[in-house]
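The values are calculated or read from the model by the stated rules, or taken from the named source; none is laboratory data. Only a predicted model underlies this, so the values are computations on that prediction, with no experimental measurement involved. All Cβ positions, glycine included, derive from the backbone under ideal geometry; neighbour counts span all protein chains shown.
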Amino acid sequence: MNNQNPAAGAIIQMPNMQEMAGPQPRPKPPFIRIPVFPTAPYIPTSPNVGVQTRFYGATLTAGDTDYVVGSEAIRIVSFDMPCILFARTGSVFNTVPPNALPLGVRPLDAFLFRMEYSTGDKLDTGPRIASTCIGSNENPGEIGGTGYVIQPGAGVILGITPLLAGLRIDVTLMCQEIRGPTNYTR
């Protein structure tokens, strides 16, 4: 018995917003509003699955062979457990004495940043001044909505472009690891 839909095929034109509204007849409104911030990741309800916050990170230093002012360096962060990325932070330290950034330059304005998933899905569609897409430890750059799901065995590619010489650039990815099934319960 063939259970395939004979009308199935490739979508040539992606649907617009109106076409993605809820099904007909509509017992509910076609769209509802939900807040984007604060980020609210899905957490499993299984008693045998644990959730743990983990901070993944990447660093680019002036001593690295791929450190070139105005040129993107790539850092790959791998994940061996399913995660939900809920925020990104970063900062810069000037390693050249007197260890100060030029007047008026904030740490997150000293480099460009972008991130893409190992499948090619781009969270940032292109490099941006870091202060526009990641936050600081005091004010993390939330992803919004339910976060960004990262599957086990996948990774993210971080593109970091230093805009000044002599920097140490650190980027932290704040994630909820979904650990399970396990032999402990919450």
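Considering T125, T146, T161, the condition of being in contact with a Leu (Cβ under 6 Å, 6 or more places away or on another chain) and more than 19 Å from S78 (Cα to Cα) is satisfied by T161 alone.
Cβ separations smaller than 7 Å between residues 6+ apart or across chains give the following pairs from the range 80-104 residues that are within 19 Å of T61 (Cβ to Cβ) to residues that are of a type in the set (S, T, Y) and outside any strand (DSSP E or B): T89/S136; S91/S136. Of the candidates R114, R179, R168, the single residue that is touching a residue at least 60 places away in the same chain (Cβ under 8 Å) and either in contact with a helix residue (DSSP H, G or I) (Cβ under 7 Å, 6 or more places away or on another chain) or within 17 Å of G57 (Cβ to Cβ) (or both) is R168. Within the span defined as the range 15-36, one or more residues are under 30 Å from R179 (Cβ atoms) and modelled with pLDDT of 80 or more.
Within the range 33-64, the set of residues being closer than 20 Å to N94 by Cβ and out of contact with any Phe, Trp or Tyr (no Cβ under 8 Å at 6 or more places or on another chain) comprises G57, A58, T59, A62, G63, D64. The set of residues in the range 53-79 that are acidic (D, E) and touching a Gly at 6+ places or on another chain (Cβ under 7 Å) contains only E72. Checking R168, R106, R128, R114 one by one, the residue that is in contact with a Gly (Cβ under 7 Å, 6 or more places away or on another chain) and closer than 17 Å to G90 by Cα is R114 and no other.
Rundown of residues vs (1) in contact with a strand residue (DSSP E or B) (Cβ under 9 Å, 6 or more places away or on another chain); (2) among the polar types (S, T, N, Q), yes/no style:
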site	(1), (2)
A73	yes, no
S91	yes, yes
P97	no, no
A100	yes, no
R128	yes, no
P152	yes, no
I157	yes, no
G166	yes, no
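Within the range 128-137, is even one residue at pLDDT below 95, loosely packed, with under 13 Cβ neighbours inside 10 Å and over 25 Å from R33 (Cα atoms)? Within the range 128-137 (the criterion being at pLDDT below 95, loosely packed, with under 13 Cβ neighbours inside 10 Å and over 25 Å from R33 (Cα atoms)), the answer is yes, since at least one residue qualifies. Among strands (runs of 3 or more DSSP E) entirely within the range 108-176, having at least 1 residues that are of a type in the set (F, W, Y) singles out 111-117, 148-150.
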